Amino acid sequence: MIEDAESATSSASPMAAPLPAAAIVHTHHDSVDELLAEFAYGLRERGWKVGGIVQQQSGGTGKEHTLLVDLDSGATFPLFQRLGSGSTSCSLDSGGIAAASGALRRALQEGADLSIANRFGALEAAGGGFAAEMLALMSENRPLLTVVADSYLLDWRWFTGGCGTELPASLPALEAWFAGVAGRQRES
């Protein structure tokens, strides 16, 4: 299992310098949000400085119960707006996303050992959402972990210049990737 985790961490282009940026690649996000949160909170319990945001359901199922949670303060931000049953508009809550982006900026400013961004999705692929914060973290060579659906994997590869790591949705893979990143950060 560790061998699988180690081989998963080597998907960055062999010609490019590895970024300490990784994405958990998934087809169905049902449990990937829980995995990301479990990993982030587990690292924090072991004394690592982990900042950013995770995505959690609160009190039900469906978009209207999806929140972004600041790992430092515990503050929550809505990810979706309630637009009504007849609406065909995008239901992402741009105000909630903008407010939550402060957690990523703070993680960069405070030198977090790892920054977590709940998703690299449609907004980030188009240059919005958390794209600016994620690029700022990568430009400073700061460890970053996010989640990307198969449908945005090519966008993620373009966004990272082919230097990001792609991980399976497993705790051993995340642990192995972070151990390698943390070791390289200590050496620098």
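The values are calculated or read from the model by the stated rules, or taken from the named source; none is laboratory data. Every value quoted in this text rests on a predicted model; they were computed, and no experiment measured them. Ideal geometry is used to build each Cβ from the backbone, glycine not excepted, and the neighbour counts take in all protein chains shown. Accessible surface is based on the protein model in full, side chains and every heavy atom, while ligands, DNA and RNA are left aside. Shrake-Rupley method; radii C 1.70, N 1.55, O 1.52, S 1.80 Å.
Apart from one condition, M1 fits all of (1) open to solvent by 20 Å² or more (accessible area, probe 1.4 Å); (2) touching a Pro at 6+ places or on another chain (Cβ under 7 Å); (3) modelled with pLDDT of 90 or more; the exception is (3). What residue, among those in segment 174-187 that are touching a residue at least 12 places away in the same chain (Cβ under 8 Å) and among the small types (G, A, S), is least open to solvent (accessible area, probe 1.4 Å)? Ranking the qualifying residues of segment 174-187, first place goes to A182. Only one of the numbered conditions (1) over 19 Å from G121 (Cβ atoms); (2) modelled with pLDDT under 65; (3) open to solvent by 50 Å² or more (accessible area, probe 1.4 Å); (4) of a type outside the set (S, T, N, Q) is not met by A12, and that is (3). Open to solvent by less than 10 Å² (accessible area, probe 1.4 Å), at pLDDT 90 or above and closer than 23 Å to S151 by Cβ - does that describe any residue in segment 85-98? No, segment 85-98 contains no residue that is open to solvent by less than 10 Å² (accessible area, probe 1.4 Å), at pLDDT 90 or above and closer than 23 Å to S151 by Cβ.
Filtering segment 142-188 to residues that are of a type in the set (A, V, I, L, M, F, W, C) and in contact with a Ser or Thr (Cβ under 9 Å, 6 or more places away or on another chain) leaves L144, L145, A149, W156, C163, L167, A169, A173, A176, W177, V181. In a residue-by-residue description of segment 50-69, the property of being surrounded by fewer than 17 Cβ atoms within 10 Å (Cβ to Cβ), in contact with a Phe, Trp or Tyr (Cβ under 9 Å, 6 or more places away or on another chain) and at pLDDT 75 or above applies to no position. When P18 is tested against (1) more than 17 Å from L174 (Cα to Cα); (2) modelled with pLDDT under 75, only condition (1) is not met. A Cβ distance below 6 Å, combined with a sequence gap of six or more or placement on separate chains, defines the contacts here; from segment 42-69, residues that are in a helix (DSSP H, G or I) reach residues that are open to solvent by less than 10 Å² (accessible area, probe 1.4 Å) and modelled with pLDDT of 80 or more in the pairs L43/V50; R44/V50. Going by what's in this entry, would G74 be described as at positive phi and at pLDDT 85 or above? Taking the combined requirement at face value, the residue satisfies it.
Against the test of being within 15 Å of G51 (Cβ to Cβ) and assigned to a helix (DSSP H, G or I), the options G180, G102, G111, G96 yield a single qualifying residue, G102.
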